[in-house]
1. At 7 Å along the Cα-to-beta-carbon direction for both VAL88 and ALA118, put a label point, then send me their distance in nm to one decimal.
2. Assuming 0.36 nm per residue, please report the length gained on full extension of the stretch VAL268 to ALA194 beyond their Cα-Cα distance.
3. So if each residue of separation counts as 0.36 nm, and I subtract the Cα-Cα distance between ALA163 and VAL319, what length gain in nm does that give?
4. Rank the residues VAL272, VAL67, VAL98, VAL322 as a footprinting-exposure proxy: fewest other Cβ atoms within 10 Å of their Cβ go first.
Amino acid sequence: MAAFFFIFGAVLSLGASVLLVTRLERLGARFGAPEAMLGIAAALAADSPEIATAITALARGQRDVSVGVLLGSNVFNLAALLGLSALVAGRIALHRRVVAFEGVVALWVALMAVLWVAGWLTPAAGLGLTLVLFVPYLFVSALPPARRRGLPLPPSWRSWLAAAVREEELELWSAIHPRAGSWKDGAAAVVALAVVVGASVAMERGATTLGAKFGLSSIVLGGVVLAATTSLPNAVAAVYLASRGRGSATLAEAMNSNTLNVVVGLFVPAIVIGAGTLSGGALTVAWWYAGLTLVALGLAFRGRGLDRRAGGVIVGLYVAFVVLLTIS
């Protein structure tokens, strides 16, 4: 019965998240959202299974499972969205300004996650410091191109930012073609979100029962099993984008997904519900998330993209992460 709830919940949650992504994209198109914001909305919708699963676990006192799902998903995202995509596509071409634009925010958010898990920051402080960079990132992404050129910054900075965001937008525009939505899409999004939450509750409870039966630790259950399962929609979408030559869109999806997991799934629920004490395994997952983020971005910046060798390094490090977490 536990296996049934886990499998049924996973399938239903992932399917509903796909529906949620398409409906949010249509609503964004109706209200004239820029392509970069459509990409962020899509990343948030695709993150809904892991966020809902993590909040469910936290509410039931399964703190390591909750943190493991979110930060383990981030490690899996780097391996699947960037590493696996590079292996499948052969190469993900990236301009260095796009890597820097996405990477600065991503590394900052990863550092805040590590500091919070280590107990050096409160959830409120972690959220506040994360928003110091994430809010300006959202602001610049939401601005129309003409207004970006009028930002009160030095001319070279304005030009650099406009070029970085524009490169992402062109790829997202060619990959995402939503029609303008209606109230029906809004209603469908609400229903899909409710299904994701309900299915995630069933999946988390089934997985917890199975984990106890087979002697899996909470951090392995969350950081490996649930993390990989709930991140599959993002992985499929990234491989699709990479195979079509949308390198900037692939990188943006990976970095935005990880950032939203930390902001929406980690810090906000910890402030509302409370996180309590975490194990050393949770800190291990957090360090791997930050370290693999640095490695992936460093390889992408150095090589102006990721080729199969770089993708193999990222995937190999993820395998090492799984082995280390399992045997520790």
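FYI, it's all coordinate maths here, none of it is from the lab. Since this is a predicted model, take the numbers as computed values, not measurements. Glycine also receives a Cβ, built like all others from the backbone with ideal geometry; neighbour counts cover every protein chain displayed.
1. So the two model labels end up 3.5 nm from each other.
2. Additional length available on full extension: 24.7 nm.
3. Here the answer is 52.6 nm.
4. Sorted ascending by nearby Cβ count, the order is VAL272, VAL322, VAL98, VAL67.
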